[in-house]
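The values are calculated or read from the model by the stated rules, or taken from the named source; none is laboratory data. Computed from a predicted model, the values in this text were never measured in an experiment. Neighbour counts are summed over all protein chains in view; Cβ atoms, including those assigned to glycine, are modelled from backbone coordinates with ideal geometry.
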Amino acid sequence: MADLTMSRRALLRRGAGAAAGLALVGGVAARVRGAGAEPQVRRNVTALSADERIDFANAVMALKSRPSPWVSGISTYDTFVLWHRDAMGCGVNAAHMGPAFFPWHRRFLRLFEETLQTIEPAVTLPYWDWTVDRSTTGAPWFDDLLGGNGDPAEGEAVMTGPFRKGSWEISIFDPGDMDQVPYLARNFGASKMAAELPTAEEVEEALAIATYDASPWNATVPPGSSFRNAFEGWQDCAVQGCDPVGGISPICGSRHNIHNRVHLWVAGESSFMAHVMTDAGDGTRTDDVMGTMAASSSPNDPVFWLHHANVDRLWAVWQERHGLVYQPETGGPFGHNIDDPMWPYEQIGMTVTPRMVLDHRAMGYRYDTESA
């Protein structure tokens with residue numbers, strides 16, 4: 001398989017294709033919104049009708065078969081998977097374990113949503129409020145939307161819904177993933193570090209932190225002094241190193257919280273690793289397939305978008321309480337200061353800095369929990 005790791009230089013060489021792709025996305029977004037239009041509304045997944053769930057799933061499936069306007073040889077959908085995976089790389093470190101976690105994902109979701117609308121203009125990203133919908137069989141695990149849990153008899157493969165094994169093939173894998181399982185794998189709540197989804201009380205505790213972020217601007221910031229780190233979910237991390245293959249990899253002493261915990265709850269694994277050994281409970285060790293949502297390539301599981309839409313919604317709640325504030329202005333890692341260009345947007349012809357995405361309404365959308 002060809003090496004699909006994308007460097008800044010490689011992306012810069014794709015300028016013409018990038019411009020064409022952005023023109024298509026921008027044109028559709030402008031037609032959908034229109035001049036002076038009200039922001040589009042992202043709704044709770046439980047509020048979607050059956051037809052709306054099918055429209056969303058079909059649009060996602062269509063992007064999986066559409067050639068990418070940005071990266072040759074892969075689909076449009078897989079380009080988003082590739083960007084998210086490579087954002088974890090040592091030489092990029094664009095989107096996690098730092099202040100840009102929220103703004104990077106906000107623009108990432110909006111670009112994906114605008115790209116979906118080139119297929120189905122009425123589609124917006126639904127969100128999954130995992131503090132309320134905590135069942136393994138209820139929302140968002142509808143058979144006409146995301147399908148359900150993995151089947152242990154099939155290697156934890158998802159066997160229901162439009163993204164079931166045989167209908168949805170994974171082709172972008174984490175560096176060093178020796179298994180390269182080509183299907184969605186889920187094992188709800190099977191991780192010892194993520195046996196339960198975050199609660200409303202835990203979310204409220206994070207929302208009460210008035211400081212957006214703090215030095216040293218990474219996973220080692222004490223969560224109580226940084227809303228970003230408390231919500232992203234890194235706790236008691238002593239060191240943030242970087243493995244040349246696996247990417248940014250902090251060493252932490254406590255279970256993951258909020259954002260991270262949802263990834264691990266869906267996946268059923270206890271570590272962000274390409275292949276893990278887990279305790280079977282009887283003193284032995286078992287060699288398990290890694291759940292898709294535990295990987296750097298986690299957008300391979302479409303529940304990623306619903307999870308991160310909720311993360312973005314809750315950032316908007318924090319902003320309503322504390323203002324459109326951001327730290328740092330300077331002195332943080334490149335790409336994480338308020339006026340730094342963020343990778344890979346600059347490389348595909350977009351000017352995007354954290355400052356530019358602080359106001360989500362100015363980006364053309366709001367949530368159904370906000371006033372019109």
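Points worth noting:
- Counting only helices (runs of 4 or more DSSP H) wholly contained in region 1-76, the ones carrying 1 or more residues that are at pLDDT 60 or above occupy 15-33, 50-65.
- Residue list for region 189-217, filter: touching a residue at least 40 places away in the same chain (Cβ under 8 Å) and either β-branched (Val, Ile, Thr) or farther than 22 Å from Gln235 by Cα (or both): Thr199, Val203, Thr211
- Within region 132-190, the residues that satisfy the criterion of being of a type outside the set (A, V, I, L, M, F, W, C), more than 26 Å from Ser75 (Cα to Cα) and in a loop (DSSP other than H, G, I, E, B) are Asp133, Arg134, Ser135, Thr136, Thr137, Gly138, Asn187, Gly189.
- Flag for Ala238 being over 30 Å from Asn149 (Cα atoms) and of a type outside the set (Asp, Glu): yes
- The residue that is farthest from the chain's Cα centre (by Cα), counting only those in region 346-364 that are touching a residue at least 12 places away in the same chain (Cβ under 8 Å) and more than 21 Å from Tyr212 (Cβ to Cβ), is Gly349.
- Filtering region 218-267 to residues that are under 23 Å from Gly331 (Cα atoms), in a helix (DSSP H, G or I), aromatic (Phe, Trp, Tyr) and touching a Pro at 6+ places or on another chain (Cβ under 9 Å) leaves only Phe231.
- Considering only residues in region 157-195 that are modelled with pLDDT under 95 and acidic (Asp, Glu), the one that is surrounded by the most Cβ atoms within 10 Å (Cβ to Cβ) turns out to be Asp174.
- Filtered residue count, region 91-112, keeping only those that are more than 12 Å from the chain's Cα centre (by Cα) and part of a loop (DSSP other than H, G, I, E, B): 8
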